[in-house]
Amino acid sequence: MNTNKRQEGFSLIELLIVVAIIGIIAAIAIPNLLASKRAANEGSAVASVRTVTSAEATYQATTGVGAYGNLAALNTAGLVDSALSGSGTTPKSGYAFTATPDATTPNSQYLVTASTAVASGLAATGTRNFASDATGVITYKPASTTAMTANDGTAIGN
């Protein structure tokens with residue numbers, strides 16, 4: 001009988017060191033991943049606001065007979081997809097979109113907004129809200145404020 005058995009494998013200390021290293025790498029990588037996701041959501045929101053702004057101009061010139069439309073009207077005309085034309089509370093890439101034509105002078109103005117669904121914390125979907133109107137300028141305000149009611153924020157790129 002052989003009493004000199006060789007034990008093979010990792011010791012508990014070696015495994016704990018590997019787990020600690022993985023934890024440190026995760027602690028560094030996860031915040032960067034979340035920041036990248038928020039940036040991607042914001043980029044998607046800006047692109048969607050541009051899409052709706054273009055759709056409003058097309059709608060006014062064609063189907064709207066001189067008037068701007070809301071998201072449902074733009075979807076019915078085939079100018080925006082159903083992901084944007086939800087009830088205004090359905091998030092697309094973490095943002096809820098609205099398009100509101102001016103009821104008093106429907107031929108002159110509208111407001112498109114993109115409001116972040118979650119404004120703070122680890123689950124934040126964005127750090128800024130966006131808006132655009134008939135001028136075509138897209139502006140933003142910090143997401144901690146309420147939804148934008150006018151296109152009076154800071155212009156994108158400034």
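The values are calculated or read from the model by the stated rules, or taken from the named source; none is laboratory data. As the structure is a prediction and not an experimental result, all values here were calculated from the model. Note that we place each Cβ from the backbone using ideal geometry, even for glycine, and neighbour counts take in every protein chain shown.
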Filter segment 44-53 down to residues that are farther than 11 Å from Arg128 by Cβ and either modelled with pLDDT of 95 or more or not hydroxyl-bearing (Ser, Thr, Tyr) (or both), then give me how many there are. 4
Name the residue that is nearest to Tyr140 (Cα to Cα), counting only residues in segment 58-69 that are surrounded by fewer than 18 Cβ atoms within 10 Å (Cβ to Cβ) and touching a residue at least 12 places away in the same chain (Cβ under 8 Å). Thr58
What's the total number of residues in segment 3-55 that are of a type in the set (Gly, Ala, Ser), within 19 Å of Phe97 (Cβ to Cβ) and over 14 Å from the mean Cα position of the chain (by Cα)? 2
Go through (1) in a helix (DSSP H, G or I); (2) over 9 Å from the mean Cα position of the chain (by Cα); (3) β-branched (Val, Ile, Thr) one by one and return the number of the condition Thr63 breaks. (1)
Looking at Gly121, Gly126, which is the one that is farther than 17 Å from Asn70 by Cα and touching a Lys or Arg at 6+ places or on another chain (Cβ under 7 Å)? Gly126
Could you tell me which residue of segment 88-133 is nearest to the chain's Cα centre (by Cα), considering only residues that are within 12 Å of Glu42 (Cα to Cα) and among the aromatic types (Phe, Trp, Tyr)? Tyr95
Among the residues of segment 119-136, what is the count of those that are exposed (fewer than 14 other Cβ atoms within 10 Å of the Cβ) and without any contact (Cβ under 8 Å) to a residue 40 or more places away in the chain? 4
Would you confirm, using the coordinates I've provided, whether Asn75 is touching a Phe, Trp or Tyr at 6+ places or on another chain (Cβ under 7 Å) and under 27 Å from Ala40 (Cβ atoms)? no
Quick test for you: out of Leu79, Leu74, Leu111, Leu84, pick the one residue that is at pLDDT below 85, aliphatic (A, V, I, L, M) and surrounded by 15 or more Cβ atoms within 10 Å (Cβ to Cβ). Leu84
Picked from segment 137-158 (must be in contact (Cβ under 8 Å) with a residue 12 or more places away in the chain and small (Gly, Ala, Ser)), the residue nearest to Tyr68 (Cα to Cα) is Ala150
